[in-house]
Amino acid sequence: MPGLLKIGMTLQTPEKRAKGLFSTGVAEPFVIEFAKKVINPKEKEKELHIMLKTDRHNKSREYFKTSTEKALK
């Protein structure tokens with residue numbers, strides 16, 4: 001989905017999660033831009049979502065209209 005990043009956590013491998021997200025409702029498979037193991041993943045995810053709240057595409061989804069570079073900062 002050009003122009004959108006899905007930013008979230010998973011307890012699976014990122015590859016397995018991306019494959020599971022690719023369904024009939026998504027036109028293209030997900031491309032993993034970045035993955036990292038962290039301590040307290042749910043807390044980190046929440047922090048990232050708060051930091052990028054103005055870029056959120058839909059308040060009930062984990063998609064953000066932002067660049068990979070900005071998300072990594």
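The values are calculated or read from the model by the stated rules, or taken from the named source; none is laboratory data. Every value quoted in this text rests on a predicted model; they were computed, and no experiment measured them. So basically every Cβ, Gly included, is an ideal-geometry build from the backbone, and we count neighbours across all protein chains shown.
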>> As an exercise: evaluate residue 55 against (1) at pLDDT below 95; (2) touching a Phe, Trp or Tyr at 6+ places or on another chain (Cβ under 6 Å) and give the number of the one condition it does not meet.
In response: (1)
> Quick one: is residue 65 over 23 Å from residue 12 (Cα atoms) and in contact (Cβ under 8 Å) with a residue 60 or more places away in the chain?
Replying inline: yes
>> Name the residue that is surrounded by the most Cβ atoms within 10 Å (Cβ to Cβ), counting only residues in the stretch 33-65 that are among the hydrophobic types (A, V, I, L, M, F, W, C) and over 11 Å from residue 7 (Cα atoms).
In response: 51
